[in-house]
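Step one of this worksheet: look at the structure below.
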Amino acid sequence: MSEILSFYLNGNPVEVLVKPEQTLLELLRDELGLTSPKCGCNHGDCGACTVILDGKAVKSCLVLAPTVKGKKVVTADGLCSGEKLHPIQQAFLDYGAPQCGYCTPGMVMAATAFLLENPKPTKEEIKEALSGNLCRCAGYEKYTEAVLAVSKGEFGLLPEGSDFNV
Ligand code: FES
Ligand code: FES
């Protein structure tokens, strides 16, 4: 039976009807119209559906929607500040990392959550952190270089303590 689910999405309170078996990915895309989380495999293998849940990167195809009650969900859409891109988004763009772009929103979220935990990573640590996000265009080197540049402050300070607690 459907129930009303309340949670925070990109800083805003949301109330939506949800079915017990619905995944967070389905809820975001099909009910709430947010298409930045992509459905690649729907089995936790590709990372295209990655969002940040209470500060941690999760694969939204593996999260049952009712379990996010009262929690904070952030998608790639929620990282921009008006017209201004988040440093990770800007770096990916400037480094020409996205090729087809299908994996990119998931990469953005995985990289953002990773840098919150490890703001000064090595290149190897970045590679490891992004290894759960498949890019069929094999653009890993550019994604890695971009994250490294952000960690060195080349794209400005990472936003911290924002109201949606990314
Ligand atoms: S769609 Fe979720 S990991 Fe592939
Ligand atoms: S840019 Fe990642 S799959 Fe193409």
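The values are calculated or read from the model by the stated rules, or taken from the named source; none is laboratory data. Not measured: the values here are computed from a predicted model. Methodologically, a virtual Cβ is constructed for each residue, glycine included, from the backbone with ideal geometry; neighbour enumeration extends over all protein chains shown.
Structure notes:
- Residue satisfying all of: in region 24-42; within 16 Å of the chain's Cα centre (by Cα) and charged (D, E, K, R); farthest from ligand 2 (Cβ to nearest atom) among these: GLU26
- The residues in region 95-146 that are β-branched (Val, Ile, Thr) and either in a loop (DSSP other than H, G, I, E, B) or under 22 Å from ASP54 (Cβ atoms) (or both) can be counted, and the count is 3.
- Residue in region 3-22 that is within 14 Å of ligand 1 (Cβ to nearest atom), within 30 Å of GLY153 (Cα to Cα), out of contact with any Cys (no Cβ under 6 Å at 6 or more places or on another chain) and not in a helix (DSSP H, G or I) present: no
- Unique residue being modelled with pLDDT of 95 or more and within 16 Å of ligand 1 (Cβ to nearest atom) when the list is ALA91, ALA57: ALA57
- Within region 85-101, the set of residues being within 16 Å of ligand 2 (Cβ to nearest atom), free of Cβ contacts under 8 Å to residues at least 12 places away in the same chain and at negative phi comprises LEU93 only.
- All positions within region 33-73 that are in a loop (DSSP other than H, G, I, E, B), hydrophobic (A, V, I, L, M, F, W, C) and out of contact with any Leu (no Cβ under 7 Å at 6 or more places or on another chain): CYS41, ALA48
- For region 37-84, a residue qualifies if it is aliphatic (A, V, I, L, M), touching a residue at least 60 places away in the same chain (Cβ under 8 Å) and within 24 Å of ILE4 (Cα to Cα), and the qualifying residues are ILE52, ALA65, VAL68, VAL73, VAL74.
- Matching entry among GLU21, GLU15, GLU3 (being more than 16 Å from ligand 2 (Cβ to nearest atom), in contact with a strand residue (DSSP E or B) (Cβ under 9 Å, 6 or more places away or on another chain) and in contact (Cβ under 8 Å) with a residue 60 or more places away in the chain): GLU3
- Qualifying residue in region 121-131 (condition: under 15 Å from LYS56 (Cα atoms), out of contact with any strand residue (DSSP E or B) (no Cβ under 7 Å at 6 or more places or on another chain) and either among the hydroxyl-bearing types (Ser, Thr, Tyr) or at pLDDT 95 or above (or both)): yes
- Restricting attention to region 74-88, the residues being assigned to a loop (DSSP other than H, G, I, E, B) and either within 16 Å of ligand 1 (Cβ to nearest atom) or polar (S, T, N, Q) (or both) number 1.
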